[in-house]
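One structure below.
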Amino acid sequence: MDKRLRAIAVLLVSALLLLVGVPLLLSGWLLFLLTVASAKALAVLGIVLLLRGKLLTFGHALYYATGAYAAGMAVRYLGVHEALVLLALALVAGVAMGALLGLLVARYRAVYFALLNLAFSMVLYGMLLKLYNVTGGTDGIGIGEPTLAGFRLGGNALRIAMYELSVILTAVLVYFTHRFFVSPLGYTLRAIRDNEVRVEYMGVSVWRAVYVSYIIAGALGAVSGCLIALSVGHITPDLAFWSQSGEFVFVAILGGTGSVLAPVIGSVLFEAVRNYAFELSPYTWQMTLGIVLLLIIFFLPGGVWSLTSYLPRRSSR
Amino acid sequence: MSALLETVGLTRFFGSVRAAEDLNMRVTEGETVGIIGSNGSGKTTFLNLATGYLKPERGRILLDGRDTTALPPRAITRLGVARSFQIPQLYLGMTVLEATLLSLAARAGRIGAWAPLQRDDRIGEARQTLAQFALDTHAPRLIGELPEGSRKLLDIALAVALKPRLLLMDEPTAGVSTEDKFEVMDTLAAVLRDSGITTLFVEHDMDVVQRYSQRVLVFDQGLVIADGEPAKVLGDADVRRAVLGHV
């Protein structure tokens, strides 16, 4: 069979399985777990994208919360309930926030870059917490049940719709990110990782490349946060807290940075491990996660994705 | 003929060390000029000044009559000045082909986020460039795995891929073994002749300068102490004392 045809066939079958098979077969809470995992995978993808340029951020929850609260504010003050509009608003908010903070952050590297992002995320956390009249403080904001492309859905139908929305959007943005990785700008980011001076001597602005990458990562984080807001239905300042940022970095290491699919696998695995760890031992689930991270670092430093190198390769005849 | 590169009263000190003082020089289009001098005579500083990496305390740098003194390296590169480095400055985690493709994309000003870097026509051009430097067999290899001599050539190939009007090379034979250095220089000379790139290169090796440059500048403690035909200049007793430390 033609290579292209086979690729399309594989894509169609997996789309059918994911979008029709999974909702039919899986129970409600497993579907919710996958919804959350695929949504959060986008924020992790942002981390992985920046890591290509050796830029580690400990504040990516900043964008996650920005997306969620952009949606929350629109629900609360504008009475918007359409999921697609809320997602678009979150995307715009994420890009705007990235464009603003990037002006400063894109000048820094290494630990300064990591901590500056952390600082900004904690400033946002503080504001979300203290500006009670605007943000609802610790009470947060209720998102309610959104409409989807004008359709009002409820109960199980909404849960399935949110799952499909999350999976489709994640798939599309994973593809976009893949395009970025193999584009000249994506390669420039890798070049920056190795040698910034040489990049400038190619006539390319290092600052611009980092700035644009930072905005893209922020946009991914914001869409991720909005999807979570829509599927969970309630948002609180914790979305911006440093431990949330830490979780994204954790999942990035768990999944690996070798492919755009790694964050998705890492995210599903993380949500599963957290759920079962909590079920098995409610008081020490964080320790279980810590042990998992240690095992990954010692035995699979390339993340779970590195296991794919053991898969049998089709011979390319 | 007007100068492609010209410096006027270029001055730069590092503390009390004089790297350049009232340095006036010109390179005309089509020339191959060698700069020679002992360690610390200001050769590399000159390249760093000419490409905007360092700023002079006084003086101006003119490229084709245009003042580039205040411009950063990337702006000067975009005006057609490329450089290579004494210690190759490469992307060790990339393949030879990828790095070359990136140089070609940079030259075209096409650092976008959507269209793929690896286009068929661009790959063809990259392979041609690599073939000129006899690096085509290394195309799929990681740069980090290349032997030192090949890295040196690739460092220059990435600069040539930018199709500059002026190429500045910092010790093209440093780190290359004595047996190989003439072979490396022959390869380079052929590429540069074919592509008609004006070249200014820094060297501490008298034989290399003598053989491959049309004109030589001799640097000594930030001053140009001689400027002229290689045979004449390098035979001068004062020059030999300045460069070699003996006659």
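What follows draws every value from the coordinates through simple rules; no lab data is involved. Being a predicted model, the structure only gives us computed values, none of them experimental. Heads up, the Cβs are rebuilt from the backbone with ideal geometry, glycines too, and the neighbour counts pull from every protein chain shown.
Counting only other chains, and only Cβ atoms inside 10 Å, what mean value do you get across the residues of B:96-108?
Numbers: counts 0, 0, 3, 7, 0, 2, 9, 6, 2, 7, 9, 3, 1.
Other-chain Cβ atoms within 10 Å of each residue's Cβ, averaged: 4.
Of the residues A:Ala272, A:Tyr310, A:His60, the one whose Cα sits farthest towards the positive end of the charge dipole of chain A is A:Tyr310 (charges of +1 on Lys and Arg Cβ, -1 on Asp and Glu Cβ, taken about the Cα centre).
What number comes out for the charge environment of A:Tyr108, summing +1 per Lys or Arg and -1 per Asp or Glu over other residues with Cβ under 13 Å away?
On the way: positive: A:Lys54, A:Arg107, A:Arg109; negative: A:Glu196.
After counting each charged neighbour, the total is +2.
Taking 18 Å as the straight-line reach from the Cα of B:Lys232, the aspartates and glutamates in range (excluding those fewer than 8 positions away in the same chain) are B:Glu31, B:Glu203, B:Asp205, B:Asp207, B:Asp220.
For the range A:73-198, rounded, prolate or oblate, judged on the Cα gyration tensor with a ≥ b ≥ c (square roots of eigenvalues), a/c < 1.5 rounded, else prolate if a/b > b/c? Could the numbers behind the result be given before it?
On the way: a/c = 2.99, a/b = 1.41, b/c = 2.12.
Because a/c hits 1.5 or more and a/b fails to exceed b/c, the range A:73-198 counts as oblate.
Taking the Cα centre of the range B:89-163 as the origin, how large is its charge dipole in debye, to the nearest 20, when only Lys and Arg (+1) and Asp and Glu (-1) carry charge on their Cβ atoms? Write down the numbers at each step before the final one.
Values: 9 positive and 8 negative charges, 40 e Å.
Charge dipole, the range B:89-163, about its Cα centre: 200 debye, nearest 20.
Over chain A, DSSP H runs of length four or greater, each weighted -39,500 (n - 2.57), average out per residue to a 222 nm ellipticity of -23000 deg cm²/dmol. Inter-chain neighbour count for B:68-76: the average number of beta-carbon atoms from partner chains within 10 Å of each residue's beta-carbon is 3.
Answer rounded, prolate or oblate for the protein assembly as shown, using the Cα gyration tensor with square roots of eigenvalues a ≥ b ≥ c: rounded when a/c is under 1.5, else prolate when a/b is larger than b/c, else oblate. Prolate is the answer for the protein assembly as shown, as a/c is 1.5 or above and a/b outweighs b/c.
Under the membrane-span-like helix rule (DSSP H runs whose alpha carbons stretch at least 27 Å along the helix axis, mean Kyte-Doolittle hydropathy 0.0 or higher), chain A yields A:28-51, A:83-105, A:110-130, A:155-181, A:206-232.
Which whole DSSP H helices in chain B pass both tests: a Cα extent of 15 Å or more along the axis and a mean Kyte-Doolittle value no lower than -0.5? The partial results should precede the final answer.
Details: long enough: B:96-107 (17 Å, 1.28); B:120-132 (18 Å, -1.21); B:148-160 (18 Å, 0.55); B:181-195 (21 Å, 0.26).
Membrane-span-like by this criterion, though nothing is claimed about a membrane: B:96-107, B:148-160, B:181-195.
Counting charges near A:Trp207 (Lys, Arg +1; Asp, Glu -1) among other residues having Cβ under 10 Å from its Cβ returns a value of +1.
Charging the Cβ of each Asp and Glu at -1 and of each Lys and Arg at +1, and nothing else, the dipole of the protein assembly as shown about its Cα centre rounds to 1040 debye. Think of the protein assembly as shown as having a plus end and a minus end, set by charges on the Cβ of Lys, Arg, Asp and Glu; of B:Leu54, A:Ala70, B:Leu71, A:Ala70 sits farthest toward the positive end of this dipole. Ranked by the mean number of other Cβ atoms within 10 Å of their residues, highest first, the peptides B:49-60, B:114-125 fall in the order B:49-60, B:114-125. Annotation: amide H of B:Ile35 within the under-5 Å range of B:Phe201, B:Val202, B:Glu203, B:Leu217, sequence separation 5 or more or interchain, hydrogens built in the peptide plane. For chain B, just say rounded, prolate or oblate: build the C-alpha gyration tensor, square-root its eigenvalues into a ≥ b ≥ c, call rounded for a/c under 1.5, and beyond that prolate if a/b exceeds b/c, oblate if not. Cα axes put chain B in the prolate bin.
Charged neighbours of B:Phe182, selected by a Cβ distance under 12 Å, balance to -4 (K, R count +1; D, E count -1). Here is how the number arises for chain B: DSSP H runs of 4 or more residues each give -39500 (n - 2.57), the sum is divided by the residue count, and the result at 222 nm is -10500 deg cm²/dmol.
Per-residue shielding of B:83-92, expressed as the average number of other chain Cβ atoms within 10 Å of the residue Cβ, stands at 3.
Summary of packing: across the peptides B:22-31, A:271-280, the per-residue average of other C-beta atoms within 10 Å ranks them, highest first, as B:22-31, A:271-280.
The peptide list B:74-84, A:33-43, put in order of mean Cβ contacts within 10 Å with the highest first, becomes A:33-43, B:74-84. Within a straight-line Cα-Cα reach of under 19 Å, B:Lys55 can be paired with the following lysines, leaving aside sequence neighbours fewer than 8 residues apart in one chain: B:Lys43.
Using a 10 Å cut-off around each Cβ, can you sort B:Ile225, A:Ile143 from fewest to most neighbouring Cβ atoms? Provide the component values of the computation, followed by the final result.
Details: B:Ile225 17, A:Ile143 24.
Listing B:Ile225, A:Ile143 from fewest to most nearby Cβ atoms yields B:Ile225, A:Ile143.
With point charges of +1 on the Cβ of Lys and Arg and -1 on the Cβ of Asp and Glu, referenced to the Cα centre of the range A:26-241, which listed residue (A:Trp29, A:Gly94, A:Val212) lies farthest in the positive direction of the dipole? Of the options given, the answer is A:Val212.
The charge dipole of the range A:26-241, taken about its Cα centre with unit charges on the Cβ of Lys, Arg, Asp and Glu (plus for the first two, minus for the last two), comes to roughly 480 debye. What is the Cα centroid distance between the range B:31-93 and the range B:194-238, reported in whole angstrom? Value for the Cα centre distance between the two parts: 17 Å.
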